[in-house]
Structures are given as structure tokens and as C-alpha cells.
Amino acid sequence: MHKKYVGRFAPSPSGQLHFGSLVTAVASYLDAKSNHGTWLLRMEDIDEPRCISGVDKDILCTLEKHGLFWNGDVIYQSQQHQRYQEVVDRLLEQDLAYYCACTRKQIKAMGGVYNGHCRHLGLAPDSNNQDQFAIRLTMTRPLQAFEDVIMGNVTPIESEAPCDSPHQEASTANSSAEDVVIKRRDGLFSYNLVVILDDVFQGVNHVIRGCDLLDVTPLQKAVYQTLGYEIPTYGHIPVAAVSPGRKLSKQNRAAPVNNTTPKENLLRVMQFLGFDFPAASSFNDISALLAHAIAIWDRKKVVKTPEIIVPQHESTYYSEPL
Ligand code: GLU
Ligand code: ZN
């Protein structure tokens, strides 16, 4: 029997929702609802210095204004530190993670790919020098190609290690992936750890998100396997960009979603994703519009381009000198 579908939207509250993040919210919502699933919400505020207070409420308000109601309570990463630390402690105890003192410079000298130098050194910080050690996970699985339910076959990016590097084997197809940092020297838990711990904790088994995270997905899958968790189904949708390689984001001066025109916004999202959609005025209300969107949602119809350039009004990037 199939497990019940659990999906999610996981915005970082470093800025208000813009058109690109609305696209991700809508796509993950429609994929969940068309599969009779639940749709959870998680605030990814692990990188607290970059988060702006009050933005989370603003994001929730925008979702509500667009009829995108989530199931259950919103989870905040900033409130989960104890749970993350418990996992890290357990991994250290079980010798599945270790302290690493390598600097950026040293890793560069290894050919740009960390070669497992500190794996068996048994390094242990004392209370005065914690900030000189990162914690790495001992990876037991390689990066592998996978089938994305929207983008199709995805092959892992080859590492940039030079061919004559003695550590080249660290990144070839059949050896394990580079030991990933799970807690940084500055004490922050790394995104590649917490995104997985939270998805497991929340029972998420379907991840629909932007193509900007496509490249990191083989690594996240290898982390799932190394930790012994069941891997979710992944689907990646096109990212909205202001110009090639520059995704719509706070840094690129994305305009916040206009909450006074939700039907028109939703229509534009559907068109962006590649769907023919009736005029916004043909729907009495947002829930009728969303019901239609759920009915016609089809992963196969989503545009397979990783990046789409959006009209200029989505960002002040065009009108202000950089
Ligand atoms: N918080 C991430 C972002 O806003 C999304 C992470 C994910 O969906 O896995 O880009
Ligand atoms: Zn090291």
C-alpha cells in the first residue's frame, strides 16, 4: 500500500514572498492536493542573521491571501536546535561523524575537494577552541544520477578536482561523496543536514522545489542513505530569474507579491509553469481557481527549463543601477 502523500513548502524568511517563491508554493501545493496529500509549512530560519523579524508572518499572510492553507502547525528551524544537536551528538558517538580542523586553504590545496583528512584523527575540541572545528558526516554513499519526477534524469555534477589530484577518487561515480559538513565552525547547523532532519521529522515524502536546488539533490540523497532514512520523491520546477543565472531573490531586488491581486498572480504562476489557464475573471473566487488548478495539474506539463526570465516589473533590478 502507498503511504499517504506528505509535501511541504519551506521558505527562508529572509525576505517577503516574491513571484519565484509563490511559484514554488503553488507547485508544491498543487502536487500535494492533486495527490490527496497534506501540505506542511516550515520556516527555514536556521541562518538567523539573514532572517528578518516579522517576515515569517508576512509570508503566512501572503499564502493565506492566495488560498494556500497549510496543514498543521508551522515549524521554525530556529526552535529545533536541541533536536539537531541530539542527532549530531549521536552521530559523533557512533563514529559516523567527526571533527575536522581543515581550513578553506587546506581544502583548496587538496584540489578543492575535501579528501577525508580528519576522518580517523580522533580530533576533539575543548571548550576554548570549538570555533576551530567543523563537524563532518562520514559519507558511505556515492553521488548518483536520479529520476526527477518533473525534470527527468539528473546526473550529478562532476567535482572540479583536477585530473591529476591524488584525491580524485573521492568524487568518482562509485566511491562515496565528499564528507559533508553538518555543523559549521561558527556553530550553525548546515542546511544540508537540517533540511533532511526536518523532512524526516515531519514525515515529508514528496519534495517539490525550485531547480536552484537540483545540483545539491544527489548530495542530499546520499546523506539520506548514509543516515539510513527513506529518500523522498523529488520534483524540481523552473526558477524565475531576472537575467541568466540570477534567480529572483531579495539580493536581486525581487518585488514582493501584490496581495491585492491574488487571482491574477495565481494565473501568472500557472502560465509560468506552462499551463493554459482561463482568465482570472472567469472564476468567482480563489478557491474555485485553485480547484481548477488542482484538476489540471500534471507534472508532465510543467516546463522543463531550469530557469525562466521573468518580466521586468518583478524586480527593481532593471530600473536601478546596480
Ligand atoms: N529554504 C530553501 C529556500 O528557500 C528551500 C529548501 C527546500 O525546499 O528544500 O530556498
Ligand atoms: Zn579536516
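Here are the numbers:
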read-out: Within segment 208-249, considering residues that are within 12 Å of the chain's Cα centre (by Cα) and in a loop (DSSP other than H, G, I, E, B), the one farthest from ligand 1 (Cβ to nearest atom); value: ASP215
read-out: Residue check, ARG104 out of contact with any helix residue (DSSP H, G or I) (no Cβ under 6 Å at 6 or more places or on another chain), among the charged types (D, E, K, R) and open to solvent by 90 Å² or more (accessible area, probe 1.4 Å); value: yes
read-out: Subset tally (residues that are modelled with pLDDT of 95 or more, open to solvent by less than 40 Å² (accessible area, probe 1.4 Å) and not in a strand (DSSP E or B)) for segment 143-163; value: 2
read-out: Qualifying positions in segment 115-142 - modelled with pLDDT of 95 or more, within 24 Å of the chain's Cα centre (by Cα) and part of a loop (DSSP other than H, G, I, E, B); value: THR138, MET139
read-out: Matching residues in segment 1-56 - criterion: being part of a loop (DSSP other than H, G, I, E, B), acidic (Asp, Glu) and modelled with pLDDT of 95 or more; value: GLU44
read-out: Qualifying residue in segment 192-199 (condition: modelled with pLDDT under 95 and out of contact with any strand residue (DSSP E or B) (no Cβ under 8 Å at 6 or more places or on another chain)); value: no
read-out: Yes/no for SER249 being surrounded by fewer than 18 Cβ atoms within 10 Å (Cβ to Cβ) and small (Gly, Ala, Ser); value: no
read-out: Boolean, PHE189 is modelled with pLDDT of 95 or more and within 16 Å of ligand 1 (Cβ to nearest atom); value: yes
read-out: Of the criteria (1) under 27 Å from ASN153 (Cβ atoms); (2) away from ligand 2 (no atom under 16 Å from the Cβ); (3) open to solvent by 20 Å² or more (accessible area, probe 1.4 Å); (4) in contact (Cβ under 8 Å) with a residue 60 or more places away in the chain, which one SER243 fails; value: (1)
read-out: Per-region count, segment 169-186, residues modelled with pLDDT under 95 and closer than 24 Å to ALA145 by Cβ; value: 10
read-out: Residue in segment 271-322 that is least open to solvent (accessible area, probe 1.4 Å), counting only those that are farther than 20 Å from LYS33 by Cβ and among the charged types (D, E, K, R); value: GLU314
read-out: Of all residues in segment 175-227 being under 18 Å from GLU86 (Cα atoms) and among the small types (Gly, Ala, Ser), the one that is least open to solvent (accessible area, probe 1.4 Å); value: SER190
read-out: Matching residues, segment 90-101, being outside any helix (DSSP H, G or I) and touching a helix residue (DSSP H, G or I) at 6+ places or on another chain (Cβ under 9 Å); value: LEU96, ALA97, TYR98, TYR99, ALA101
read-out: Residue that is surrounded by the most Cβ atoms within 10 Å (Cβ to Cβ), among those in segment 11-30 that are out of contact with any helix residue (DSSP H, G or I) (no Cβ under 7 Å at 6 or more places or on another chain) and within 19 Å of ILE150 (Cβ to Cβ); value: GLY20
read-out: Failed item, numbered, when ILE59 is tested on (1) part of a helix (DSSP H, G or I); (2) over 23 Å from the mean Cα position of the chain (by Cα); (3) touching a residue at least 24 places away in the same chain (Cβ under 8 Å); (4) surrounded by 15 or more Cβ atoms within 10 Å (Cβ to Cβ); value: (2)
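The values are calculated or read from the model by the stated rules, or taken from the named source; none is laboratory data. All figures in this text were calculated on a predicted structure; none of them were measured in a lab. Neighbour counts are summed over all protein chains in view; Cβ atoms, including those assigned to glycine, are modelled from backbone coordinates with ideal geometry. SASA here: full protein model, heavy atoms, side chains in, ligands and nucleic acids out. Shrake-Rupley method; radii C 1.70, N 1.55, O 1.52, S 1.80 Å.
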